[in-house]
Amino acid sequence: MARRRTDKFRWRHKHLLGLRDLRRGEIEHILDTAEGFEEISTRSIKKAPVLRGKVVVNMFFEDSTRTRNSFTLAANRLSADVIEFTKTASSVSKGETLIDTARNLEAMGIDIVVIRHGAGGAPKLVSRSINACVVNAGDGFNEHPTQALLDVYTIRKVCGGFEGLKVGIVGDIAHSRVARSNIWALSKLGAQVILIGPPTLMPSCVEQLPVRVSYSLDAVLEELDVINMLRIQFERLGGNPFPSVREYSHFFGLTVDRMKRAKPDLVVMHPGPINRGLEIESEVADGPNSVILQQVAHGLAVRMAVLFLVHQAAIEEQREHRQKHRG
Amino acid sequence: MERLLDAKQIDAALHKLCQAVAADCADPTHLVVIGVRSRGEVLAERLATRLARQFNRSVPCGTLDITLYRDDLNDPQGEGQPTVRSTEIDFNVDGRLVLLVDDVLHTGRSVRAAMDALVDLGRPRAIRLAVLVDRGGREFPIQANYVGIHPDVPDDQAVRVHLTETDGRDEVVVD
């Protein structure tokens with residue numbers, strides 16, 4: 001989609017903590033910027049000298065392969081150096097606090113911290129204690145902004161826009177930061193969000209979110225333009241939210257049968273990793289409606305754009321500081 | 001505000017550029033035209049059309065976005081936040097004769113950035129530079145192969161190229 005942009009936009013956020021506090025224009029600016037970065041991955045030399053001489057730290061306190069590798073590769077493609085930090089191989093296992101860990105890393109001269117943490121709000125806490133830019137790579141049940149950005153980037157590419165679009169998010173909404181960030185992004189961009197799942201997996205206060213709720217997939221299936229199948233996160237599920245995996249699959253799984261009843265061009269998404277045969281059948285995940293692998297490719301472009309923008313905002317801050325002291 | 005070129009004169013300058021490129025290019029098989037965003041993009045399209053007519057064969061044309069290669073990208077004393085757009089070149093530049101097109105040649109820094117961006121895409125056989133206006137004031141040792149006009153412009157003034165496709169009219173002014 002080659003849209004000509006003539007207006008100058010100033011990105012002012014040195015940290016990307018979530019999408020809840022961003023305006024529509026700001027989200028669109030990230031998506032527009034990502035378009036410019038997508039081409040880099042198609043070249044023979046897949047690198048641009050954007051963050052040359054800068055250091056990015058991946059601070060992951062929770063397991064991740066996709067997001068972590070995607071951030072590492074994004075930083076590498078922008079020519080930054082990357083430090084990989086893991087909870088088990090660090091002083092965190094010796095009792096160091098989150099803020100001390102971040103301050104120690106900062107003392108080594110880092111520019112951007114990418115952080116994933118089990119506690120919601122951890123990235124915000126870090127952003128208040130250090131000068132470097134902070135990017136949230138998933139915090140507790142709060143937000144996972146870059147995942148939602150790559151989801152909406154994919155939807156915009158495939159559907160052309162958001163007006164009048166009905167997007168279903170299916171599964172464990174209560175424990176999903178991906179769902180939360182998607183709800184903020186999609187509603188700001190003008191799409192209608194329908195949360196679908198058993199009542200036991202809906203968040204409390206769901207009526208305060210800008211969404212519709214359906215406890216039955218079959219009741220809304222035919223209306224949907226896009227369906228985002230969340231993974232059942234067994235590691236986060238407490239109690240017995242549904243009687244059995246088979247029953248969940250029966251009512252909420254995306255099957256070949258259900259695809260026959262859906263709109264023929266229904267866009268099928270999944271943030272990965274997939275539980276094949278549970279929330280989605282293999283034939284659907286690998287079928288013509290699936291954009292799951294495109295999502296992964298787009299994630300790289302979106303993360304390059306985010307790293308670029310937060311760093312530009314940090315430079316902007318220095319620029320303003322200089323002008324204030326000159327004038 | 002002083003006008004350097006009107007629509008007719010821009011057309012004549014492009015004609016002159018096209019003739020000069022054609023005269024140097026015995027074999028147009030490998031010729032491609034690449035414009036630097038955003039005014040260079042429009043000029044490149046116009047030149048490619050003219051060259052195609054001249055050679056009676058299609059001449060591939062693409063657009064280079066040099067934002068990520070600018071040397072003031074991370075400079076707090078730089079101009080301010082740049083907007084990243086896409087590079088759109090749907091052909092391979094390996095072994096090609098690249099005619100790089102920009103509107104105004106001044107310090108030479110944009111051309112340096114454009115050449116760095118180009119060699120990241122592949123290995124052209126040669127790069128030649130065509131500009132509509134060479135206003136002097138070079139900070140890098142860079143020279144154009146084909147120049148529309150060479151005006152004398154004082155350092156504190158800016159040369160602005162307006163083109164119908166982007167600005168609604170064709171003219172070059174100093175202000």
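General observations
- Hits in the range A:312-327 (condition: touching a residue at least 24 places away in the same chain (Cβ under 8 Å) and either out of contact with any strand residue (DSSP E or B) (no Cβ under 6 Å at 6 or more places or on another chain) or away from chain B (no Cβ under 11 Å) (or both)): A:GLN312, A:ALA313, A:GLU316, A:GLU317
- Being touching a helix residue (DSSP H, G or I) at 6+ places or on another chain (Cβ under 8 Å), small (Gly, Ala, Ser), farther than 26 Å from A:LYS157 by Cα and more than 13 Å from chain B (Cβ to nearest Cβ) is a property that does not hold for A:GLY299.
- Options B:VAL111, B:VAL153, B:VAL173; residue that is closer than 17 Å to B:LEU5 by Cα and at pLDDT 95 or above: B:VAL173
- Residues that are in a loop (DSSP other than H, G, I, E, B) and more than 20 Å from A:SER64 (Cβ to Cβ) within the range A:249-277 comprise A:GLY253, A:THR255, A:ALA262, A:LYS263, A:PRO264, A:ASP265, A:LEU266, A:GLY277, listed in sequence order.
- Considering residues of the range B:1-37 that are basic (Lys, Arg) and under 30 Å from B:PRO82 (Cα atoms) only, the residue surrounded by the fewest Cβ atoms within 10 Å (Cβ to Cβ): B:ARG3
- With respect to the conditions (1) within 30 Å of A:LEU22 (Cα to Cα); (2) small (Gly, Ala, Ser); (3) touching a helix residue (DSSP H, G or I) at 6+ places or on another chain (Cβ under 8 Å), A:SER216 lacks only one, and its number is (1).
- Pair list, Cβ < 9 Å and 6+ apart or interchain, from the range B:42-62 residues that are more than 21 Å from B:THR166 (Cα to Cα) and at pLDDT 95 or above to residues that are crowded, with 19+ Cβ neighbours inside 10 Å and among the polar types (S, T, N, Q): none
- Within the range B:119-132, the residues that satisfy the criterion of being within 14 Å of chain A (Cβ to nearest Cβ) and either of a type in the set (Phe, Trp, Tyr) or surrounded by 17 or more Cβ atoms within 10 Å (Cβ to Cβ) (or both) are B:ASP120, B:LEU121, B:GLY122, B:PRO124.
- Test result for A:GLU106, within 9 Å of chain B (Cβ to nearest Cβ), in contact (Cβ under 8 Å) with a residue 24 or more places away in the chain and either aromatic (Phe, Trp, Tyr) or surrounded by 15 or more Cβ atoms within 10 Å (Cβ to Cβ) (or both): no
- Residue match in the range A:171-191 (condition: among the acidic types (Asp, Glu) and in contact with a Lys or Arg (Cβ under 8 Å, 6 or more places away or on another chain)): yes
- Residue in the range B:58-74 that is β-branched (Val, Ile, Thr), within 14 Å of chain A (Cβ to nearest Cβ) and assigned to a helix (DSSP H, G or I) present: yes
- Search result, residues across the range B:87-118 that are facing chain A (nearest Cβ under 10 Å), assigned to a loop (DSSP other than H, G, I, E, B) and crowded, with 17+ Cβ neighbours inside 10 Å: B:THR87, B:ILE89, B:VAL93
- Entry remark, the range A:284-299: residues being without any contact (Cβ under 8 Å) to a residue 60 or more places away in the chain and either closer than 18 Å to A:HIS144 by Cβ or among the small types (Gly, Ala, Ser) (or both) number 4 in total.
The values are calculated or read from the model by the stated rules, or taken from the named source; none is laboratory data. Computed from a predicted model, the values in this text were never measured in an experiment. Every residue, glycine as well, gets a Cβ built from its backbone with ideal geometry; the counts of neighbours run over all protein chains shown.
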